[in-house]
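> Could you have a look at this structure, given as structure tokens, before my questions?
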Amino acid sequence: MAQGGNFSGIYRKVQLKPLKWDGEGEEEKPADALMILKYGGVLTHAEELDRLFRYNMYPGEGTGFLRLHSTYRHDLKIYSSDEGHVQMSAAAFAKGLLDLEGQLTPILVFPS
């Protein structure tokens with residue numbers, strides 16, 4: 001990273017794992033830590049699995065969940081953590097469950 005690498009975008013995560021501790025009790029501090037940088041990756045099968053769930057739980061055209069969704073579409077909220085890969089999985093879940101079209105990014109809404 002210090003040599004000009006790029007670590008941006010929705011598929012990234014930094015973890016710090018303490019390996020060794022100094023001190024005791026409330027004075028204890030990490031003396032050695034491992035920094036883990038994660039980036040890239042592929043979405044899970046959230047969209048396809050939720051489409052399958054919708055077909056099995058609410059069979060039929062124009063009835064069931066999609067009709068319910070069109071009635072309550074302004075009140076439906078799906079929450080996730082603030083990690084990018086989790087948000088994208090939640091967006092894929094919503095896309096498959098609600099039979100939405102288009103890219104995943106516009107589905108995401110961030111609270112202000």
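> State, to one decimal in nm, how far the label point of Lys77 lies from the label point of His45, with both points 7 Å from Cα in the Cβ direction.
So the label points at Lys77 and His45 sit 3.2 nm apart.
> Residue separation times 0.36 nm, minus the C-alpha to C-alpha distance between Leu16 and Ala31: what's the value?
4.2 nm
Any read-out appearing in this document is the output of simple, stated calculations on the displayed coordinates, not a laboratory observation. No experiment lies behind these values; they were computed from the predicted model shown. We place every Cβ from the backbone using ideal geometry, glycine too, and count neighbours over all the protein chains shown.
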